[in-house]
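One structure is given here, and the rest of the page talks about it.
The values are calculated or read from the model by the stated rules, or taken from the named source; none is laboratory data. Since this is a predicted model, take the numbers as computed values, not measurements. Glycine also receives a Cβ, built like all others from the backbone with ideal geometry; neighbour counts cover every protein chain displayed.
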Amino acid sequence: MKKITLLATLMFFSVSVIYADKPLKFIFSEDIGYDDNIYLSCEDETSSAISSTQLFAEYLINIPNTGLKFGANANVGYNAYLESPAKNDYMNAGAGLNIGNRFFSLEEEFLYTADPATSELTDRAKRINNYASLKIKTSSEKMFSIGFSASDILDKYIDEQYESLNRNRINIGAQVYYNLSSRTSFYIGYLFSNINYENNEYNNSIGNSFILGVNGTVAQKIKGSAQISYDTRSYDKDVEGLESNADIFGYLLSLTYEPTNRSSITLSGERKMEESAFTDNRYYISTEVGIQYSQKIRKKWEAGLFVSYENID
């Protein structure tokens, strides 16, 4: 299954408001896009124009005498499809809290969204996602440092017909960093994951990832992160006709080139194993690449263009 997405940000309006000496930012965006395969189908691919209207609020302060930053955010949006809007339109909403400094971060994010309809005959699968994470790095100035990461990801579906997809994923990882500078680090890491289904024990699995990567300022005017990984997954129970073990080489890429202080070009990509909603597959492999160009027009306006290609196997 292949899909191409084209997204144009026609308006991006940002207003900063100072309230009680604490910054509060509101952002409004309107995106017009096109997706050539909204149902992720191998045959009879269906395309659609898409409008996404989003409102964001962000609150960020420095906590006095601690070196810590505290942030809170919220967003709400409506996504409208030209093709079968009664089946495909959906609302999204989210809220989050975070606190941290150069050495650690603690984050909590809540999201209400909907998975794509698998065909024109089905409805979207509405779900709630809760993401909590902790990241620690001992130093950025010393040549070598170590890191620790832990996260919990809960997916809960609202409609009973999708309750077999309710799952919780726990990730625990460790990293060793070689700090080329305070802004650039190479690292190797290991990530353990345990996926536990609420009503479908046959899809419970254990995963392992061995990671090599770089993050920070990777070249003049280029910053971001790039990593490659070897990922394995082993299912707790054997099921006739379904794979019990899987392994892939994955990658994660997000690099931003800023030729001027008013424009940027971002290259992104990811290859990973995802949980499957199809009964004859336990997982699928998603491979995606994309490029985005952003240009500030005025102080509070920004325009952009994003194009991506995704292959789902």
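Quick look at the values:
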read-out: Some residue of the stretch 268-282 being over 30 Å from Glu163 (Cα atoms) and hydrophobic (A, V, I, L, M, F, W, C); value: no
read-out: Selection from the stretch 163-178 of residues that are of a type outside the set (Gly, Ala, Ser), more than 14 Å from Ser225 (Cα to Cα) and touching a Phe, Trp or Tyr at 6+ places or on another chain (Cβ under 9 Å); value: Glu163, Leu165, Asn166, Arg167, Asn168, Ile170, Asn171, Ile172, Gln175, Val176, Tyr178
read-out: Single condition Ile50 does not satisfy, out of (1) under 22 Å from the mean Cα position of the chain (by Cα); (2) at pLDDT below 90; value: (2)
read-out: Boolean, Ile63 is at pLDDT below 90, touching a Ser or Thr at 6+ places or on another chain (Cβ under 6 Å) and among the hydrophobic types (A, V, I, L, M, F, W, C); value: no
read-out: Single residue of the stretch 50-62 satisfying the filter (farther than 20 Å from Thr113 by Cβ and touching a residue at least 24 places away in the same chain (Cβ under 8 Å)) that is surrounded by the most Cβ atoms within 10 Å (Cβ to Cβ); value: Tyr59
read-out: Pair list, Cβ under 7 Å, 6 or more apart: the stretch 33-48 residue in contact (Cβ under 8 Å) with a residue 40 or more places away in the chain and part of a loop (DSSP other than H, G, I, E, B), other residue among the hydrophobic types (A, V, I, L, M, F, W, C) and buried (at least 18 other Cβ atoms within 10 Å of the Cβ); value: Tyr39/Ala117; Thr46/Ile38
read-out: Answer from Gly241, Gly224, Gly250 - the residue that is surrounded by 13 or more Cβ atoms within 10 Å (Cβ to Cβ) and farther than 22 Å from Asn168 by Cβ; value: Gly224
read-out: Filtered residue count, the stretch 163-184, keeping only those that are touching a residue at least 40 places away in the same chain (Cβ under 8 Å) and under 22 Å from the mean Cα position of the chain (by Cα); value: 2
read-out: Residues that are surrounded by fewer than 16 Cβ atoms within 10 Å (Cβ to Cβ) and modelled with pLDDT of 95 or more, drawn from the stretch 98-125; value: Leu106, Glu108
read-out: Verdict on Tyr230 being of a type in the set (Ser, Thr, Tyr), under 24 Å from Lys142 (Cβ atoms) and assigned to a strand (DSSP E or B); value: no
read-out: The stretch 102-120: number of residues that are in contact with a Lys or Arg (Cβ under 7 Å, 6 or more places away or on another chain) and either in contact (Cβ under 8 Å) with a residue 40 or more places away in the chain or more than 30 Å from Asn179 (Cβ to Cβ) (or both); value: 6
read-out: Yes/no for Ser229 being crowded, with 18+ Cβ neighbours inside 10 Å, under 20 Å from the mean Cα position of the chain (by Cα) and closer than 25 Å to Glu275 by Cα; value: yes
read-out: Cβ pairs under 6 Å, 6+ apart, first in the stretch 194-211 and in a loop (DSSP other than H, G, I, E, B), second surrounded by 14 or more Cβ atoms within 10 Å (Cβ to Cβ); value: Glu198/Asn166; Asn199/Glu163; Asn199/Ser164; Asn200/Ser164; Asn204/Asn196; Asn204/Tyr197; Asn204/Asp236
read-out: Some residue of the stretch 211-227 being touching an Asp or Glu at 6+ places or on another chain (Cβ under 6 Å) and modelled with pLDDT of 90 or more; value: no
